[in-house]
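A quick write-up on the structure given underneath.
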Amino acid sequence: MESEQYEECLMLLKAVADESRLRMVGLMSERAYTVSEMANVFNLTEPTVSHHVSKLHAAGLLRLRMEGNQRFYSINEKRLATLKAYVNGIEKLPTRAEKAKLDTAWIEALEWSEADKKVLRDYTANGKLTQLPVKTAKFLVVLKWLLTKFEPGTHYTEKQVNAILGSAHEDFATLRRSMVDYGYMRRERGGGDYWLTPEDEKSS
């Protein structure tokens, strides 16, 4: 097993190395769920579920489907198959081409323009940002992707926002400020609660 494959294997194992996340994987293997639905099933708060979902999504284990303002998450079967292959210790490991295809499966599942998908392919690896784009247009695509990690109507503490954004890139402070500066998120005066800007307020 090459060093890159060891890293991928460890990353996937860490993503599911939590009882709640393991249960969520099992649940979402049956059908797509919203964060709210999973919060009710597991008797957890929505921010807590969002945190777990962001970990699984960052590892490429989840697919996201939008229906209006609702986000439905389901298992990315191809990515889960990769994890199973590592755990089972199969002899033939994925080729680089196969690995690259699996790594970007979550991007291809997005109902976005090809140009926006290309930005994610260029700036992410294994569900994480490799660097922050310098050009504003590309940076906004990255912010658009990060928005999918938050649920509309849910309030988050700064610590929770940092954890969610930090799962995508170590410079969560820049990402958090940018979310607010570009009007994608609202922040309580003094840096308290954060929440997604409602659709009817985005132009204000």
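Residues that are of a type in the set (A, V, I, L, M) and under 10 Å from the mean Cα position of the chain (by Cα) were ranked within region 37-80; the one that is surrounded by the fewest Cβ atoms within 10 Å (Cβ to Cβ) is L64.
Do we find a residue being at pLDDT below 90 and in a loop (DSSP other than H, G, I, E, B) anywhere in region 113-120? Looking through region 113-120, none of the residues is at pLDDT below 90 and in a loop (DSSP other than H, G, I, E, B).
Go through region 145-169 residue by residue and tally those that are part of a loop (DSSP other than H, G, I, E, B) and either exposed (fewer than 12 other Cβ atoms within 10 Å of the Cβ) or of a type in the set (A, V, I, L, M) (or both).
Result for region 145-169: 2.
Taking (1) more than 14 Å from A59 (Cα to Cα); (2) among the aliphatic types (A, V, I, L, M); (3) at pLDDT 90 or above in turn, M1 satisfies each apart from (3). Collect the residues in region 170-200 that are more than 24 Å from Q131 (Cα to Cα), in contact (Cβ under 8 Å) with a residue 12 or more places away in the chain and either part of a loop (DSSP other than H, G, I, E, B) or of a type in the set (D, E) (or both), keeping them in residue-number order. Those that are more than 24 Å from Q131 (Cα to Cα), in contact (Cβ under 8 Å) with a residue 12 or more places away in the chain and either part of a loop (DSSP other than H, G, I, E, B) or of a type in the set (D, E) (or both): G191, G192, D193, T197, P198, E199.
The values are calculated or read from the model by the stated rules, or taken from the named source; none is laboratory data. Because the structure is predicted, anything quoted here is derived from the model rather than measured. Please note: Cβ atoms are built from the backbone with ideal geometry, for glycine as well, and neighbour counts cover all protein chains shown.
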